[in-house]
Amino acid sequence: MAELATLPTGTKPEGASTEAEASRKIREMFTRIAPRYDLLNHLLSAQMDKRWRARAAAVLRPILGNPEASVLDLCCGTGDLAFTLAKGARARIIGADFSHTMLTRAKEKAQYLSSKAPIPFLEADALRLPFASESFALVTTAFGFRNLANYQQGLREVYRVLAPAGTLAILEFTEPAPGIIGGAYRFYCQKVLPAIGGVISGDAAAYAYLPKSVARFFRPDELAALVKSVGYTSIRYELMMLRSVALHLAVKP
């Protein structure tokens, strides 16, 4: 496994040389693709993204069933994971993202997808969360963590807002190892996904960035090592979809 010093410290969109520029470019990108974001997520994953979120919710069900628990879905985008977590949950769930346009879509969906009171969605930067320390029993994030401009700072902020014994859950893409499966995955991500995503969204640059961001992101054991370096314990992960999706779990001691 690579040393932490040699691993990426945060996302690097083309043309970004600082963390501030990286954050701005990511926010602008998601603003542009928000109108077709849900459609493309489901289409490009052949609806498998719904299963991955459902699996995460099933693993986290003991926490979600606690009526005293507060749950933060971070980098929530249009809210798909938050809505999945809320199904049958008794915990209080809120979503947060720094893209206003994505949150607008999430709030629209909340009006007809939430069976109880609509889930509140707040505009917030994952690197500077506007929540008190030790506020949440669970913090989740699905396919958004790799877009942070500073991964370690993001993990530290989550650590701060988690209550003692609170759980971190990261659902993210990861590249399979070299071989037939890995080769097929890379061909799809590098050739097919950008072509389809670019045509339907009208933003070829965004759907060229997305597979590149996965390629340079951590392998599962590397992300586990980074999580451990921040102070989390009970770190584990499980792989899904031919080892191309990982659910990472960790606990704040």
For Thr140, indicate whether it is in contact (Cβ under 8 Å) with a residue 12 or more places away in the chain and in contact with a strand residue (DSSP E or B) (Cβ under 8 Å, 6 or more places away or on another chain). yes
List every residue pair whose Cβ atoms lie under 9 Å apart, where the two residues are 6 or more positions apart in sequence or sit on different chains, the first residue falls within the stretch 1-17 and is within 16 Å of Arg219 (Cβ to Cβ), and the second residue, located anywhere, is acidic (Asp, Glu) and modelled with pLDDT of 90 or more. Met1/Asp221; Met1/Glu222; Ala2/Glu222; Leu4/Glu222; Leu7/Glu222; Thr9/Glu19
Report, ordered by the first and then the second residue, all pairs with beta carbons closer than 9 Å, sequence separation of six or more or different chains, a first member in the stretch 219-232 that is in contact (Cβ under 8 Å) with a residue 40 or more places away in the chain, and a second member that is surrounded by 13 or more Cβ atoms within 10 Å (Cβ to Cβ) and of a type in the set (Gly, Ala, Ser). Arg219/Ala246; Pro220/Ala246; Leu223/Ala246; Val227/Ala250; Val230/Ala250; Tyr232/Ala250
Ala169 touching a residue at least 40 places away in the same chain (Cβ under 8 Å), in contact with an Asp or Glu (Cβ under 6 Å, 6 or more places away or on another chain), closer than 22 Å to Glu134 by Cα and not in a loop (DSSP other than H, G, I, E, B): no
Give me a count of the residues in the stretch 70-97 that are farther than 24 Å from Leu127 by Cβ and either crowded, with 18+ Cβ neighbours inside 10 Å or of a type in the set (D, E, K, R) (or both). 7
Could you list, in sequence order, all residues of the stretch 121-137 that are in a strand (DSSP E or B) and farther than 21 Å from Lys109 by Cβ? Asp125, Arg128, Phe136, Ala137
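The values are calculated or read from the model by the stated rules, or taken from the named source; none is laboratory data. All figures in this text were calculated on a predicted structure; none of them were measured in a lab. Positions of Cβ are backbone-derived with ideal geometry, glycine not excepted, and every protein chain shown enters the neighbour counts.
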